[in-house]
Structure formats: C-alpha cells, structure tokens
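Structure first, then comments.
The values are calculated or read from the model by the stated rules, or taken from the named source; none is laboratory data. What you see is a predicted model; the values in this text were computed from it and never measured. Cβ placement follows ideal geometry from the backbone for every residue including glycine, while neighbour counts extend to all protein chains displayed. Protein only, heavy atoms only, side chains kept; ligands, DNA and RNA dropped before computing areas. Shrake-Rupley method; radii C 1.70, N 1.55, O 1.52, S 1.80 Å.
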There are 2 protein chains.
Amino acid sequence: MNIERKERLNEIYQKISRHFFQGVIPYWLERGIDREFGGYLTTFDAQGKWVPGDQHKYIVTQTRMIWGTSLFYERLPQDSRSLQAASQGVDFFVDHFWDTKRGGWFWKVQRDGSLVDAGKVVYGQSFAIYALAKYTLSTGDKRGLDYADRTFDLLQRYCSDTARGGYYENLEPDWRLSEPGFAAGDRKSLDIHMHLLECFTTLYEASGMEIHRRRLQEIIEVILKYMIHPEFGCGLNQFDHEFRPVPPIAIRRTWNAEREGDLAGGSLDTTSYVHNLELVWLLVYACGIMELSVDPYRAVIQRLVDHTLQYGIDWTHGGIYRDGPHNAPAVIRDKEWWQHTESLVGLLDAYLLFGNESYLDAFEKVWWFSDQFFINHELGEWRTLLTETGEPIDAGLGNPWKACYHTGRAMDECMKRLKMILKE
Amino acid sequence: MNIERKERLNEIYQKISRHFFQGVIPYWLERGIDREFGGYLTTFDAQGKWVPGDQHKYIVTQTRMIWGTSLFYERLPQDSRSLQAASQGVDFFVDHFWDTKRGGWFWKVQRDGSLVDAGKVVYGQSFAIYALAKYTLSTGDKRGLDYADRTFDLLQRYCSDTARGGYYENLEPDWRLSEPGFAAGDRKSLDIHMHLLECFTTLYEASGMEIHRRRLQEIIEVILKYMIHPEFGCGLNQFDHEFRPVPPIAIRRTWNAEREGDLAGGSLDTTSYVHNLELVWLLVYACGIMELSVDPYRAVIQRLVDHTLQYGIDWTHGGIYRDGPHNAPAVIRDKEWWQHTESLVGLLDAYLLFGNESYLDAFEKVWWFSDQFFINHELGEWRTLLTETGEPIDAGLGNPWKACYHTGRAMDECMKRLKMILKE
C-alpha cells in the first residue's frame, strides 16, 4: 500500500471515529429514548426532529436500538446513559413484545406498548436474539441471554424445517406458517437466513454453548449450498421450501411492503449487492467467533466481492447500487443508506483476506459518497435514500425501520478493520 | 373372500384375542412390575422366570412397558392393576431417567435407579415421547404429555439437522453429537426416523398441537424422499448426514451391538423386511390420526409390501425372514419375534388398502409360524429367536430389549383390523 493510500485511510479512520463518537452515539442517546413510555423513538425528519409517524413500535427497530445502545456502552463504559438506554429498552421490549402465552416476540405494538400485530416473523425473532445476546455481552445482565436462548428454542421448535433444512420465515401469532403469497409462508430467503447467521454468531459468542455453534455452522451450510448463484457467484434472493429460487415479491411485514405494498413477483434474475457484501463480513465474523479458518470460504467470498465490484459499485459517482441482474449492470440505481454502511465493512474484510487493492478502491468510492451525501454531519446520522448522484429522495434520519444499528455498527466495525490495515 | 378364509381369519381373531387378554396382559402385569424398586422387570427365561441379567434398566424397555401397560388400561379399564402398573412406571422413569440438569432421558440405569449411562439416544427419546403421550391418552394424567412435549422440544433444540433435514440420532450426555463410527454420531437411519414418525403420531394424537402434526408430516417427507430404494422399493438402512446410504454397522447402544459388539460395516445391499412393513402400518396409522388420505402413499406402500412378499415371507416354513438384499432372496433367515408381530399388522393394512388376497396369504403364513413356534401359549408371551424352521435359538420370554410393546401392540392392532375385515 502506498503512502498516499495510507494517509487517505488514516484520514477516513479519523472521520469515522469522530462521526461515531460525536455523531451517531450522541444523536441516538439524545433523541432515541422514549422518555414517556420507554423503549425507543426512531422516526426523525431531515432536521433530526421527531415525527410521530404511525406511532407504532416495530420489533426490528426496538431490538436494533437495544443492540446499538449496548454497543455504545461497550465503547464508552464510562457513559452510563447508554447502559440506561439499553436496559430500559430491554424492559420495554420484554414487557410489551414478549408473548407470555405462546412465547416469542410480537411484530408491532403501539407507542405505549399495546399490541398491534402479534405475528411471529423470523426476521424479528432473529433481531431479538441478536440484540438480547449483545446486551448480555455488553452489560453482563443475564436477562438478555436468557430470553435470547428461549427465543432460539422457539425457533427450533416452530420455525426450523426438519424435512429440508433451513427455517420457515413467516408465521402467525400461534406459530403456524403464514399463507403462501404476500404473507410468504411458502418462502425462504437469503436475507433472513443471513440474519440468522448473524444472530447465532452473537448468541454463541454470549453463551459459548455447543448447540448454538452447531446451528450456526448449519445455517452457513444452508446459505452456501442453496443461496449462491452457482455460475455467477452472487447471492440469490427468495426460494420455495425446497430452496428452488422463485421470483422475489415484497413480503407483508417487511420494509419494502410497508413502503410499496403487495407487489407482483419480480425477476428471478436479481441480486442484492449488499446482501452479498454483508454475507461476506458476517461469515468472516462468524468464523472468528468460532475460531475456525475462513479458508474453506475464500473462493465463495471472492466471487461475492468480485461480482459486486463488477456490477454493484458506482465507479463514476461513488457509492453502491441496490440491485441488479446476476450478470449485467445494476438496475435499481438509487442509493440507500444501509447498503453503504454494510458494504464498507464487507469491502475492508475482502481487502484483509485477499490484499487486493481494488477492494480498497471500492471502499473509498463507497466512503466518499457516504461522507459527501449520506451523512448529515451537523446532526450525526445518515439520510435514508438518495438518487444515483446523491440528491436526497428521503433525507429523513430515522424511520420505523432505520435506527442506529447499520450506521453505528458499520462505523465501529470499520474502525476495527482500518486499525488492522493501518498497522500493516 | 371365500368362506374358508373368513372362517380361518375368525379363528385367528379368537386366538389373538385370547392370547392378548389371557396371555400377554396377565403375563406382564404379574411379572413385569419391579415391586422392590419400581419400574419394570423385563428379563425372563424360557420358563417365564425372572433372571437378573445385567441388573440394568434400559430406557427402551422401561418406556415400552409404560406404553404397554397404558394400552392394557385402555382395553381393561376396570382392571386398576394396569393403571397402577403404568403410573408407577412413569414415577420411576421420571425420578431416575430424567436428566434434571440438561433435560432429556438417560440411556440406562441400575435396577435401583442409579445412573449407568447418561447418553442421549434419539431412539430412546422417541420411545419416551411415545410412551408418555400414550400414558396421558390412556389415563388422562397430564404429566405424561407434559414430559413428552418437553422431550419433543429437546429433540428440536439438539437433534434436528437444520442444514439437511431429519435428525441426528446418537448424542452424548451433554447433547453433543457422538463420535463417528461405532458411536454413530455421523449416521442417520430408517429405523430411528421411523420411530420418530411413530412417536410424533401419538404425540399429535395426545396434544392436537399443530407443530406436532407439522413435524410428523416432515418426518414422513424425509423417510419417503431419502430412505426408500428408488428402483426396488424396499427400505434402505443407514445413511450419512446427507442421506447418502452407507454400509450398515452395529451401533453402540443398540440391541445388535449389545449382542454382537462392534461389527464392521455390512453390505449396502440390505433391507429389513419388517422395518418395511412396520413403516407401512405406521404411515397408514399416522394418516389416520392426521385425517389425511393415504392415497399419496399408495404406490410406495404397495412396493414395500410386494418386495416383502417376494423376498421376505418364508412361503415354505411360514414366518418371515429378517434381512436380505434389495433384489435377491433373504440372507439372514433365522426368525425373530418382533419381525413377526409387526409384519402381521402391516400385512393386514396392506390387504385393507389394496384388497389383494395374497397379502392375507402372507399374513396367515406369518401367523401360523408365530402361533406354532413363537408363542409360549402356556405362559402367554413370545419366544425371542428361532431357526428358519422354528427350533428355539433363544426361547427366553423377555430381555433388556424385549417387553410387551411388540407383542401386546400387534395383538391389539391385529384385532382392530381383523374386525374390519371380518365385517366386510
């Protein structure tokens, strides 16, 4: 690595560190706590002003805020505000989201905690595990791991597919499979299996239990066996129960469907560049926690990254596109915040694994675009959605699906990796 | 059906009924209860005299006695001895076999209940579910179903294979997979998956819970997808985790290994005629409990039965052989008690499904041999092992693996089916 690159990376490190400690952390500790009802507030406009929105609290953002505030406490243990923020979030979550009758976590409650939707969605359950295990890792409060392991048990009891492997993803309040179609009881996806990989990693990290490790290894096996395009090496999207790829749809109880409603089937020929890069770093991370070599996965990782470099990175304007075909240029070319945060981490991991500087070029392209257009430096959080060239489409800093998990986590993970790279 | 056949079947019905009510039931109620320590005694010589044997109590026979005495109580509710026999068996089982620390059931204890082998074997866990659910169905004591469902949960948590489907079968006291080889942590089998089918059926019958039904449907799917020979239609035997057939071995903690030790791999080209017929009737039974049509399974059932008629039935001496190749005459030609009891039920189901009288011919061949040689009519139980022509090899009436489950259950199931056939 030449000296100019090193200097640039060092400067990026400094910027990221400032943004994390002086932006993201205070942004969320000041605005993200619901001091009236407990739990978290996540809907903020472009000026960082809370907007009531639909007044609902979603499992996804409540748990992501538990995860995020737990991380903040790990990094700033002297600041008791983050411990308090995490702990009151767990209180609210356990009091209002836990299904005391049938076990598991509800999908959505009112701001005051009264029940709106008792649906059992594996995406939500996975974030509950992830957040609660992290909360115990960070604070030592065993309540988190206890509920995380109970959730793990319920996943095994109700959601695993003991005929074909993997997990059913969309279930009703009583843990029956949802209907086929929009409710997607007939589907499996890379997205949710990847988030199971993510949460089993943290669960195993917190518990050290062999069964959590075994389930983590199995989910990796499922993803790599069925969910990667055999020819082009990119991730596939949605599948039937037998893991046959099916044209993706917007699924009830997802961010896309909440925004766009019940869309008809899209094209089979589509991949999410950043699910691919997120998979890369989550897989590397899982190997680290299990103290296993990444070597068996180097080939698949390299193909995932190279596919993104070829089609996902916007080498002209910077940043990264959202979706595109398996072997042709990107089609959905607007730019979304979480794709940028996750790809930063994945690209640094790819460089650390392969030493290929084109991965650092891509990292810099994504960082430059993020720094220029996504980050609201004055307020300390990222805008939601931009055009290909960086004009705001949605400059809001929070919404029912956007909190501090992508931004805070990516800044933290990038710092760790940049430190290693800069030490080289 | 001609009148001679009907008369013969009626006579068999009478004999079976006498044998069940005046033989099997009193035999076990008089001898099978351990009045000193609780639980059951199952080791009896050819004269029906208790022999201490290795002084061990095995999960398999303790649970089978709970199952059997629960059945006796269903059939003779006026006889409180069987209720008492079942209930004290559950007491002993819960007190001495339940792993209070890690959950699940031990493999083997001393006669007085002190622990010998804490191994977690899915074969044993499946019989615990089967017996405890039956006990609740029969007596109304909810303790049985409660423990059965907790065992089901532990199977889902620790034993299901969420990468490839089906279940791991051999686990250590702490629920880690056993080593490969003799301890068979690397194997799956038709035998154990069939007994999971059996126990999930009774669990669903007792609980009515959708998740128990779903797991039952999944195990049927696994068995039919992977465990039947695609060309010859007979059952396969042992598999690796990916369900690739592997040469069968005697596995630690099984009856074969207890008798014969660590045998090297047998031939891939082998099938158990009576696992095939047992699968037939357990599958038909499961469909009945789920109120599903058997139609989707008629073809596979017919091939299983026809294979047995071609190679398994000993048309010369009567009875049924134990094992043989997929497409050639039987090789292991001595005759064992449980193969005879289970095949009687399977052959009657085959006749009820297809109306083919050759299935009744086979039934009569097996019954004749059983009646002549296996049943000790004076004492009321079956001998263990005979030569091809009926000379005793082991005339003992009970052993650590032989109790009243095969004999009592088969007599009861045959009566139900013969009644239906005789009504035609």
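Under the classification rounded if a/c is under 1.5, otherwise prolate if a/b is larger than b/c and oblate if not, where does the stretch A:82-180 fall, given a ≥ b ≥ c as square roots of the Cα gyration tensor eigenvalues?
Since a/c reaches 1.5 but b/c is at least a/b, the shape of the stretch A:82-180 is classed as oblate.
Quick check for you: with a 1.4 Å probe and neighbouring chains kept, what is the accessible area per residue of the stretch A:12-83, in Å²?
That works out to 40 Å² for each residue.
Bin width 5 Å, origin at 0, all Cα-Cα pairs of the stretch B:242-390: what percent of pairs per bin?
Over the stretch B:242-390, the share of Cα pairs per 5 Å bin runs 2, 9, 17, 20, 19, 16, 11, 5, 1, 0 percent.
For the stretch A:232-313, what does the alpha-carbon gyration tensor say about shape, rounded, prolate or oblate, given a ≥ b ≥ c as the root eigenvalues, a/c under 1.5 as rounded, and a/b over b/c as prolate?
Note, shape of the stretch A:232-313 comes out prolate.
Return the residues of the stretch A:140-173 for which accessible area with all protein chains present is lower than in the chain on its own by 20 Å² or more; set the probe to 1.4 Å and exclude ligands, DNA and RNA.
With the partner chains in place, the stretch A:140-173 has these residues losing at least 20 Å²: A:ASP153, A:GLN156, A:ARG157, A:TYR158, A:SER160, A:THR162, A:ALA163, A:ARG164, A:GLY165, A:TYR168.
For chain A, with a Gaussian network of springs between Cα atoms less than 10 Å apart, report the residue from A:THR42, A:THR151, A:THR387 with the top mean-square fluctuation.
Of A:THR42, A:THR151, A:THR387, the most mobile in the Gaussian network model is A:THR387.
Can you pull the percent of the stretch B:32-118's accessible area that's carbon plus sulfur, 1.4 Å probe, other chains left in place?
50 percent
In this model, which of B:LYS15/B:LYS142; B:LYS225/B:LYS416; B:LYS120/B:LYS402; A:LYS101/B:LYS120; A:LYS57/A:LYS142; A:LYS15/A:LYS108 are farther than 28 Å apart at the alpha-carbon?
B:LYS15/B:LYS142; B:LYS225/B:LYS416; A:LYS101/B:LYS120; A:LYS15/A:LYS108
Provide, in order from the shortest bin, the percent of all Cα-Cα pairs of the stretch A:131-237 in each 10 Å bin, continuing until the bin that contains the maximum pair distance.
14, 41, 33, 11, 1
Suppose we look only past 21 Å in the calculated P(r) of the stretch B:301-375. What percent of the Cα-Cα pairs does that tail hold?
The answer is 17 percent, as a whole percent.
What is the local net charge at B:LEU386, summed over the other residues whose Cβ is closer than 9 Å to its Cβ (Lys, Arg +1; Asp, Glu -1)?
Here the charged neighbours net out to -3.
What number do you get for the protein assembly as shown when its Cα radius of gyration is normalised by 2.2 N^0.38 Å, N = residues?
Compactness ratio reported: 1.09.
Name the residue from B:LEU137, B:ILE59, B:LEU171 whose Cα lies farthest towards the positive end of the charge dipole of the stretch B:27-177, charges +1 on Cβ of Lys and Arg and -1 on Cβ of Asp and Glu.
B:LEU137
In Å², what does the accessible area per residue of the stretch B:183-230 work out to with a 1.4 Å probe?
That works out to 24 Å² per residue.
Mind grabbing the interface size between B and A? I mean buried accessible area, both sides, 1.4 Å probe, in Å² to the nearest hundred.
On the way: alone 15920 and 15920 Å², together 29440 Å².
Accessible area lost upon association: around 2400 Å².
What three numbers, in Å, describe the spread of the alpha carbons of chain B along their principal axes, ordered from the longest?
Cα spread of chain B along its principal axes, largest to smallest: 60, 47, 41 Å.
Counting only protein heavy atoms, what percent of the accessible surface of the stretch B:235-288 is carbon or sulfur at a 1.4 Å probe?
Here it works out to 54 percent.
For the stretch B:200-241, what is the convex hull volume of its Cα atoms per residue in Å³?
For the stretch B:200-241, the hull spanned by Cα atoms encloses 84 Å³ per residue.
Between rounded, prolate and oblate, where does the stretch A:40-141 land on the alpha carbon gyration tensor, with a ≥ b ≥ c its root eigenvalues, rounded for a/c under 1.5, else prolate if a/b exceeds b/c?
In terms of gyration-tensor shape, oblate.
Give the whole-number value, in cubic angstrom per residue, of the convex hull volume spanned by the C-alpha atoms of the stretch A:118-160.
Enclosed volume per residue, from the Cα hull, is 62 Å³.
Let me have the 222 nm mean residue ellipticity of chain A computed from DSSP H runs of 4+ only, each contributing -39500 (n - 2.57), with the sum over all residues rounded to the nearest 500.
-16000 deg cm²/dmol
Treat every Asp and Glu Cβ in the protein assembly as shown as -1 and every Lys and Arg Cβ as +1, leave all other atoms uncharged, and give the resulting dipole magnitude about the Cα centre to the nearest 20 debye. Show your work: numbers first, answer last.
Values: 94 positive and 120 negative charges, 215 e Å.
Rounded to the nearest 20 debye, it is 1040 debye.
Determine Rg/Rh for the stretch A:30-98; Rg is computed over alpha-carbon atoms and Rh is the Kirkwood hydrodynamic estimate from the same atoms.
Here Rg/Rh amounts to 0.97.
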